[in-house]
Amino acid sequence: MISSLERPLNICLLSYRSNPHCGGQGVYLKNLSRALKDIGHHVEVFSGPPDPGLDPDIPTHRPACLDLYNPESLFRVPTLRELCDPVNIMEWAGVSTMGFPEPFTFGIRAQRFLRTRMQRYDIVHDNQSLSYGIWSIAKKIPTVATIHHPITVDRDIAVRSVRPFWKKIKHLRWFSFIGMQKRVSRTLRRIITVSECAREDIARDFKIPRKRFAVVPNGINTKLFYPIPEIQREPGRIIVTNSSDVPLKGLYYLLHAVAEIAKKRRAISLVVVGTPKKNGGISRLIRRLGIGDLIVFTGSISDAEFVRQYARAAMAVVSSVYEGFGLPAGEAMACGVPVISTTGGALPEVVGDAGILVPPKDHMSLARAIIDMLDHPDQADGLGRRGYQRVQQHFTWRRAAEKTVDAYRETILDYR
């Protein structure tokens, strides 16, 4: 007979934003659900937009919502039929007043979904919505939440990145959901986070006892990210995969570093995986620095093209001011690309001794590290090999899934 501590679990994963190609939450959902299924558990997903692109053997439930941040119909006006639902009214009102209501409204929809289905699951796992709906669910069924990093860091960096007072108020309004997330997270019996650094920062900013945390590092999808030795690396070609217009990701400092290197007439190019906002701060900075001929934005690309871009790159730079884990660093390492990373947040835990580490928000240090890597290609090749080995040894999704299940079982026992 299989004991309750060994039998497969019925798991409901909740995720309010689930882009499987960019953004840590969507990547986490896609890979963790697959790994949990592969080690023998039953997994169902309740997901907000966009489509998380999960495999057919993982049932996915998608609630009707307004999806007002869909770039193909950004901030559209809802129909009268849609506004018959009070949750849709709250969502529209929040967006119309420059807020970000999706975590809150997703929680209500998750509560509706689970109201008649709780008996189907052993555990509910919330992917950082931390909404009042999750608070209600956790009163009735064992519930854990993943907090990737404290969103207070994003808020503080965003507020400091702008000078006009009205823009600071705009950012504070956008991040007003943080108060809800703090209150809800304090009520949960178990919280999963992805690094020791994230645990310390969340515990401090959210005022949660450290004993409630389970640290489970993310995995890297090595079936997607891997070396392609038949593609030759192009000298001086730098790749960065962080969100281009988010202050937290530090592209501002990397662009200044590129400008410094260009002054020395070194042959370099910077490939940014993504699309800049039209006439946004990054586009204006590129024009002001006069480096437009050195920068290429790829736009949206396929997974296969993503890996080819890594294969062509001489190095990857992770210029983030802060990361709760640092998936871009791990993905580059899995492809055997030499990495230069800041020490922001948990990045040193991911990179270890397999890359060059520099202080965050320091474009001169970034420039020196890039030049050093350009001048020492043999050292760069060695770092690429070490990075690949480090990912294979420490950052697999199977290992992450096993440790996540340990946290599930501890939570279930706490509820008895």
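For this structure, a couple of remarks:
- Approximate spin-label separation R117-M364, in nm, with each point projected 7 Å along Cα-to-Cβ: 5.6 nm
- The range 76-102 and the range 110-160 have Cα centres spaced 21 Å apart.
- Proxy reagent accessibility, fewest Cβ within 10 Å first, across S195, S365: S365, S195
- Couplings for the range 185-199, taken from phi via the Karplus curve 6.51 cos²θ - 1.76 cosθ + 1.60 with θ = phi - 60°, read 4, 5, 8, 7, 7, 9, 10, 9, 9, 9, 7, 5, 4, 4, 4 Hz in order; Gly and Pro are left as x.
- Each residue of the range 142-149 was assigned a 3J(HN,Hα) from its phi angle through the Karplus curve 6.51 cos²θ - 1.76 cosθ + 1.60 (θ = phi - 60°); the sequence is x, 9, 10, 9, 9, 10, 6, 6 Hz, with glycine and proline shown as x.
- Under the convention that each Lys and Arg Cβ holds +1 and each Asp and Glu Cβ holds -1, the size of the dipole of the range 237-394 around its Cα centre is about 620 debye.
- Dipole moment magnitude, nearest 20 debye, the chain about Cα centre, only Lys, Arg, Asp, Glu C-beta charged: 1260 debye
- Kirkwood hydrodynamic radius (C-alpha pairs) into Stokes-Einstein, the range 265-323, 10 °C and 1.306 mPa s, D in µm²/s: 121 µm²/s
- Of the residues A354, A380, V391, the one whose Cα sits farthest toward the positive end of the charge dipole of the range 237-394, with +1 on the Cβ of Lys and Arg and -1 on the Cβ of Asp and Glu, is A380.
- Label-point separation in nm, R210 to R266, each point 7 Å along Cα→Cβ: 3.9 nm
- Segment S73-D378, length gained on full extension (0.36 nm per residue, minus Cα span): 105.0 nm
- Between E234 and A313, A314, the built amide H atoms are under 5 Å apart, and every one of these is 5 or more places off in sequence or on another chain.
- Legend: ranking of residues H256, H376, H42 from fewest to most surrounding C-beta atoms inside 10 Å; resulting order H376, H42, H256.
- Fraction of alpha-carbon pairs over 28 Å apart in the range 237-394 - percent: 11 percent
- At 0.890 mPa s and 25 °C, Stokes diffusion of the chain via Kirkwood alpha-carbon radius, µm² per second: 110 µm²/s
- Convex hull volume per residue in cubic angstrom - Cα atoms of the range 70-165: 149 Å³
- √(5λ) per eigenvalue of the Cα gyration tensor, the range 1-147, largest first, Å: 29, 17, 12
- In order through the range 256-262: 3J(HN,Hα) via Karplus (6.51 cos²θ - 1.76 cosθ + 1.60), integer Hz, x for Gly, Pro: 5, 5, 4, 4, 5, 5, 4
- Annotation: extensible slack from K168 through A304 equals 45.0 nm (criterion: 0.36 nm per residue apart, minus Cα-Cα distance).
- For peptides 207-217, 30-40, sequence by mean Cβ density within 10 Å, most packed first: 30-40, 207-217
- For the chain, adding -39500 (n - 2.57) for each run of n ≥ 4 DSSP H residues and dividing by the number of residues yields -13000 deg cm²/dmol at 222 nm.
- T411, T222 arranged by Cβ crowding within 10 Å, fewest neighbours leading: T222, T411
- For the range 71-126, average projected area of the Cα convex hull in nm²: 5.2 nm²
- DSSP-defined beta bridges in the range 237-394 - what % are antiparallel, rounded to 5: 0 percent
- Relative contact order [Cα under 8 Å, 6+ residues apart], the range 237-394, whole percent: 24 percent
- Relative contact order of the chain, taken over Cα pairs closer than 8 Å and 6 or more residues apart, is 14 percent.
- Long-range HN-HN contacts of V358 with modeled amide H, under 5 Å: S341, T342, T343
Every read-out reported here was derived from the displayed coordinates using simple, explicitly stated rules and does not represent laboratory data. Remember, it's a predicted structure, so these values are computed and weren't measured experimentally. Glycine gets a Cβ as well: all are built from the backbone with ideal geometry, and neighbour counts include every protein chain shown.
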